[in-house]
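I have placed the structure first, in the form of structure tokens, so that the comments after it can refer back to it.
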Amino acid sequence: MQIPFNRPYFTGNELKYIEDLFNSVQNGESDSHISGDGKYTRKVQKFMETKFGAKKSLLTTSGTSALELASYALNLKHKDEVIVPSYTFSSTVNAILIAGAKPVFADIQEETLNIDPEDIRRKLTPRTKAIYPVHYAGVSCDMKHIMEIAEENDLKVVEDAAQGVNAKYKDKYLGTIGDFGCYSFHETKNYVCGEGGALLINTDDEAITERLEIIREKGTDRSKYIRGEVDKYTWVDIGSSYLPSDVLAAFLYAQLGKMDEIQEKRMKVWNTYYEVLKPFEETGKIRLPIIPDYSEHNAHLFYIVLEDENKRNSVMKELKNKGILAVFHYIPLHSSPMGISLKNKEGDLLVTENLSKRLLRLPLYAELKNYEVKYITSVLSMLLEIPEITSQYL
Ligand SMILES: Cc1ncc(COP(=O)(O)O)c(C=O)c1O
């Protein structure tokens, strides 16, 4: 049996919406085009504002570009410091560097692998300007404590919710709690359009939203022009090209329309893994994800934590030999070549280093079948020398 690590789920409406867009352009309907900010981009943005409760959302070319846009909005300066976990994807920290500021790495909590508020406090200096928490695996960070630290110290908060679309901290959707939230619709995420993302703007300050629209549109006020607010558009600020083609927005709109169905399918797989592997955890040979009471996760990924790095690597290799693609991440950013060039070193963040060596992600996608989960868990039971357990969930 061959089981890939990830497989995107298609709802069946993607081509229908793309065809609709194609026909509207072909028929010369006003306001229909395949470049950015067309009718499907507006539908997607409206959906996100209504469903998640963001004041404003901007569709972007990626989660990476949403993070970069947020960094520009903070007006970070040379020597400003931003506290961020090292246990994340490079994009979270590149966004800080691109804006000219200094990333200061904080350790993670053992239970969730999310940034540790206590370590944020230890890393505060008079130069700290912002915190970039990352909701790892779609499990919420401890937002109460993070927002308290931000308020006490007058800091901005940019939530990296690339993995956290449709997940919640208590009754609030991830990405709507800090000043800005960043989503990813990359092929590997829960809701996809190949490459794509969104910035959620959670401030009432119209000037910030206006500036972000300008930066997203190559430094021009074209968004105002499209809305008919000015009769021509021109270059007014720095900027780049952060808006995706409306073809991608049409694809994404199909995914968002089936958001609950996709989440339900993923959750079923996540819960099956959890229930079947629970007795494995009781042997002390693996640890399963821990979901705090304040978190309503979105089944973005399923991991196990093994005894040590050697065991993790040998299990990963043997799974591959049996046709199962399991992977690990992240190599902590502070001890990566770029992290070291920024004067960080191995030994700086002990929880991050320990867990990143022991974590293994199992295949998880909406259409992973029960018999495949059964195969994966029975291979695991053999590799870990745990007697196979028959479960009502399989
Ligand atoms: C935590 C985190 N941040 C940022 C990103 C970047 O998102 P994108 O691939 O859409 O640029 C990812 C994607 O893998 C991610 O997992």
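What follows is calculated from the coordinates using simple rules that are stated; it is not laboratory data. From a predicted model like this one, the values you see are computed outputs, not experimental measurements. Please note: Cβ atoms are built from the backbone with ideal geometry, for glycine as well, and neighbour counts cover all protein chains shown.
Some notes on this structure:
- Environment charge at Asp231 (Cβ cut-off 13 Å; Lys +1, Arg +1, Asp -1, Glu -1): +2
- Phi angles across segment 168-178 convert, under the Karplus curve 6.51 cos²θ - 1.76 cosθ + 1.60 with θ = phi - 60°, into 3J(HN,Hα) values of 10, 9, 6, 9, 10, 5, 4, x, 10, 9, x Hz, Gly and Pro given as x.
- For segment 292-325 and segment 3-29, distance of Cα centres in Å: 33
- Dipole magnitude for segment 14-257: about 200 debye, using +1 per Lys or Arg Cβ and -1 per Asp or Glu Cβ, origin at the Cα centre.
- Residue-averaged 222 nm ellipticity for the chain, from DSSP H runs of 4+ at -39500 (n - 2.57), nearest 500: -12000 deg cm²/dmol
- Across segment 334-346, coupling constants 3J(HN,Hα) worked out from phi with the 6.51/-1.76/1.60 Karplus curve, θ = phi - 60°, read 5, 9, 7, x, 5, x, 5, 5, 9, 6, 9, 8, 4 Hz, and Gly and Pro carry x.
- Each other residue within a Cβ distance under 13 Å of Tyr183 adds +1 if Lys or Arg and -1 if Asp or Glu, for a net charge of -2.
- The DSSP beta bridges internal to the chain are antiparallel in roughly 60% of cases.
- Residue (of Ser140, Ser223, Leu252) at the positive-pole extreme of segment 126-260, dipole from beta-carbon charges: Leu252
- Top of Leu200, Leu362, Leu384 by mean-square fluctuation, Gaussian network on the chain, Cα under 10 Å: Leu384
- Seen from Leu306, the other residues with C-beta closer than 10 Å to its C-beta sum to a net charge of +3, counting Lys and Arg as +1 and Asp and Glu as -1.
- Centre separation in Å (Cα based) which lies between segment 234-262 and segment 153-196: 15
- Principal axis extents of the C-alpha atoms in the chain (largest first, rounded to whole Å): 73, 55, 36.
- Dipole axis of the chain (+1 Lys, Arg; -1 Asp, Glu on Cβ), positive-most option in Leu384, Thr176, Leu359: Leu384
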